[in-house]
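In what follows, a single structure is set out as C-alpha cells and then discussed.
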Amino acid sequence: MKIDFHLHTEFSPDSRLRLGGLAKLCKEKGIVPAITDHNTMEGADAFRKFKAPFIPGEEIRVSWKNWRADITGLFLTEPIPKSTDAAEALDLIKGQGGLSYLPHMFDLLRFGLRDEGLARRADIIEVFNGRSFGVFDRKAEALAKKLGKPGAAGSDSHFLYEFGKTWTEVECDELEPKALLRAMKKGTKIVGERTSFFKRKWVRHFG
C-alpha cells in the first residue's frame, strides 16, 4: 500500500488542491491520501463522495509550552479543536481510536512539536516532508529510530502538482488504524521528492 500521510485540500485556507483533481490522481498513481486539513475535517468529509480509499484526519494547531505546535490525528471521526493542549490532543486522538502523527517536527520555519517526551506518546513520526529541508527531516528520522517509532512520509501538498511525488510504502492490506500501525512497525519504505519553495510561490501568485 502506498500512502501519502500529509496533504491539504481546498478546505485549508492556504491550499488550492481541489478534491476532484486529487481523487483522479490518487486513482492514477495508486496512492491513498491522508486528508489532513488545518483545524478542520471538512475536506475529509467532502472527499467521501468520490468513493476512493483515504484516511480522514486533521492537522491541529495545538497549544504547547506557551506557544503553538502541529499534531496530526489520523483516522479521526470528529475534529479536535484548535488550541487544544498538546498532551490532551494526543489523548483525544487515542480516544477516537485514531493514530497520532507528528509532522515536520524539527522544521524551524514551521510549528513542529520539538518535544521528545510527547513524541514518546505519539504513534508515527514524519521523517520526510516534501516541503522541509533535509536537515530537519534527518533529525526527525534520528528521533524516530531512537524511540522505536515508525517513520512516514508526507508530501504536505497544497497544490495538485505536488501530489504523487512522495509516499510511504507499507505491507498492509487493511486500511484500519491498528492493522496499519502493526504493519508500519515491521518496516516502511519512504519515497520522497521535495518541491521547490520558489515554484510554490510562483504557482500561488501566477498559477
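Kindly provide the set of residues from region 91-103 that are surrounded by fewer than 24 Cβ atoms within 10 Å (Cβ to Cβ) and touching a residue at least 24 places away in the same chain (Cβ under 8 Å), ordered by number.
GLY97, GLY98, SER100
Output the number of the condition that ILE124 fails; it satisfies all remaining conditions of (1) more than 16 Å from the chain's Cα centre (by Cα); (2) under 19 Å from LEU76 (Cα atoms).
The failed condition is (1).
Could you list, in sequence order, the residues of region 51-90 that are among the charged types (D, E, K, R), in a strand (DSSP E or B) and without any contact (Cβ under 8 Å) to a residue 24 or more places away in the chain? Write out each step before concluding.
Of region 51-90, the ones among the charged types (D, E, K, R) are 51, 58-59, 61, 65, 68, 70, 78, 82, 85, 88.
Imposing the further condition that a residue be in a strand (DSSP E or B) reduces the set to 58-59, 61, 68, 70, 85.
Residues satisfying the conditions are GLU58, ASP85.
Which of (1) within 18 Å of LEU22 (Cα to Cα); (2) β-branched (Val, Ile, Thr); (3) modelled with pLDDT of 95 or more; (4) touching a helix residue (DSSP H, G or I) at 6+ places or on another chain (Cβ under 8 Å) is the odd one out, the single condition THR195 does not satisfy?
That leaves (3) as the condition not met.
So which residues in region 111-155 are in a loop (DSSP other than H, G, I, E, B) and among the aromatic types (Phe, Trp, Tyr), if there are any at all?
Hits for region 111-155 are PHE111, PHE133.
Of (1) touching an Asp or Glu at 6+ places or on another chain (Cβ under 7 Å); (2) more than 28 Å from LYS2 (Cβ to Cβ), PRO103 satisfies all except one. Which?
(2)
Based on this model, can you work out whether ALA46 counts as surrounded by fewer than 16 Cβ atoms within 10 Å (Cβ to Cβ), outside any loop (DSSP other than H, G, I, E, B) and hydrophobic (A, V, I, L, M, F, W, C)? Outline the logic, then answer.
Details: surrounded by fewer than 16 Cβ atoms within 10 Å (Cβ to Cβ): yes; outside any loop (DSSP other than H, G, I, E, B): yes; hydrophobic (A, V, I, L, M, F, W, C): yes.
Against the criterion (surrounded by fewer than 16 Cβ atoms within 10 Å (Cβ to Cβ), outside any loop (DSSP other than H, G, I, E, B) and hydrophobic (A, V, I, L, M, F, W, C)), ALA46 qualifies.
The values are calculated or read from the model by the stated rules, or taken from the named source; none is laboratory data. All of these numbers come straight from a predicted model, not from anything done at the bench. Note that each Cβ is placed from the backbone with ideal geometry, even for glycine, and that neighbours are counted across all protein chains shown.
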